[in-house]
Amino acid sequence: DVKVTQSSRYLVKRTGEKVFLECVQDMDHENMFWYRQDPGLGLRLIYFSYDVKMKEKGDIPEGYSVSREKKERFSLILESASTNQTSMYLCASSRVSGANVLTFGAGSRLTVL
Amino acid sequence: AQKITQTQPGMFVQEKEAVTLDCTYDTSDQSYGLFWYKQPSSGEMIFLIYQGSYDEQNATEGRYSLNFQKARKSANLVISASQLGDSAMYFCAMREADSARQLTFGSGTQLTVLP
């Protein structure tokens, strides 16, 4: 089974702190994604990457950056956390070919105080 | 405009009965894919079923089936013989041809199965 692991299940940070959310997948998937989930809004794409060192903005990239130095790892960075970034963050990965089914991690619930 | 619309924020169903979760989509592409995911209270998104726009048959996976009506741009999820473990949030999603790698999600439907 494909496994996507998010390093932190719950985080509490203060406004202005730099936050790193790490995601690792173990099935050699080319594509990796970061989504944000908020009640009533569903999942919104922040950034995605289709190859090492490649990244593309999603629908809501403001306030976020990403890093993909290795194929299996995709990091989401909040340079200066704000309270409106309190949310559930979901990482996912997929192959290039086929139906492009996303496999998700368990999520990281971030609270910014 | 919303690309994926789920109009039912919450649904209740009696155990062992069937339930339909609605999903309508908006795209001008001829080639696209439609997905349903389940999210239990634990938080992890679980892939349930996929329908390609050119698939002539409705997709089925065990107790899940996708009622695909292309002309109406709807892709409803039907769960037969509901179980208590089906209680979860359900998301409809679409991949368009020009966004070959990413999915656009609806706002979700919270399904509660009653004993």
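Scanning segment A:24-41 for residues that are crowded, with 20+ Cβ neighbours inside 10 Å and within 20 Å of A:Val112 (Cα to Cα) returns A:Trp34, A:Tyr35, A:Arg36, A:Gln37. Out of all the residues in segment A:91-110, is one or more over 10 Å from the mean Cα position of the chain (by Cα), facing chain B (nearest Cβ under 10 Å), on the phi > 0 side of the Ramachandran plot and assigned to a loop (DSSP other than H, G, I, E, B)? Yes, that holds for at least one residue.
Of all the residues in segment B:48-70, those that are modelled with pLDDT under 95 and either within 18 Å of B:Val113 (Cα to Cα) or hydrophobic (A, V, I, L, M, F, W, C) (or both) number 0. In summary, strands (runs of 3 or more DSSP E) completely within segment B:13-74 and bearing 1 or more residues that are away from every other protein chain (no Cβ under 12 Å), of a type in the set (Ser, Thr, Tyr) and free of Cβ contacts under 8 Å to residues at least 40 places away in the same chain occur at B:64-69. Against the numbered list (1) surrounded by fewer than 23 Cβ atoms within 10 Å (Cβ to Cβ); (2) more than 14 Å from chain A (Cβ to nearest Cβ); (3) outside any loop (DSSP other than H, G, I, E, B), B:Leu77 comes up short only at (1).
Could you go through segment B:88-99 and let me know if any residue there is assigned to a strand (DSSP E or B), of a type in the set (Gly, Ala, Ser) and more than 11 Å from chain A (Cβ to nearest Cβ). Even if it seems obvious, please write down each step before you answer.
Here is the first cut: in segment B:88-99, the ones assigned to a strand (DSSP E or B) are B:88-96.
In the following step, the residues that additionally are of a type in the set (Gly, Ala, Ser) were identified as B:88, B:93.
Filter once more, so that each one left must be more than 11 Å from chain A (Cβ to nearest Cβ): B:88.
Looking through segment B:88-99, at least one residue is assigned to a strand (DSSP E or B), of a type in the set (Gly, Ala, Ser) and more than 11 Å from chain A (Cβ to nearest Cβ).
Each residue in segment B:55-101 was checked for being touching a Gly at 6+ places or on another chain (Cβ under 7 Å) and farther than 18 Å from B:Asp26 by Cα, and 2 pass.
The values are calculated or read from the model by the stated rules, or taken from the named source; none is laboratory data. Bear in mind the structure is a predicted one, so any value in this text is a computation, not a measurement. All Cβ positions, even for glycine, are placed from backbone atoms using ideal geometry, and neighbour counts span all protein chains on display.
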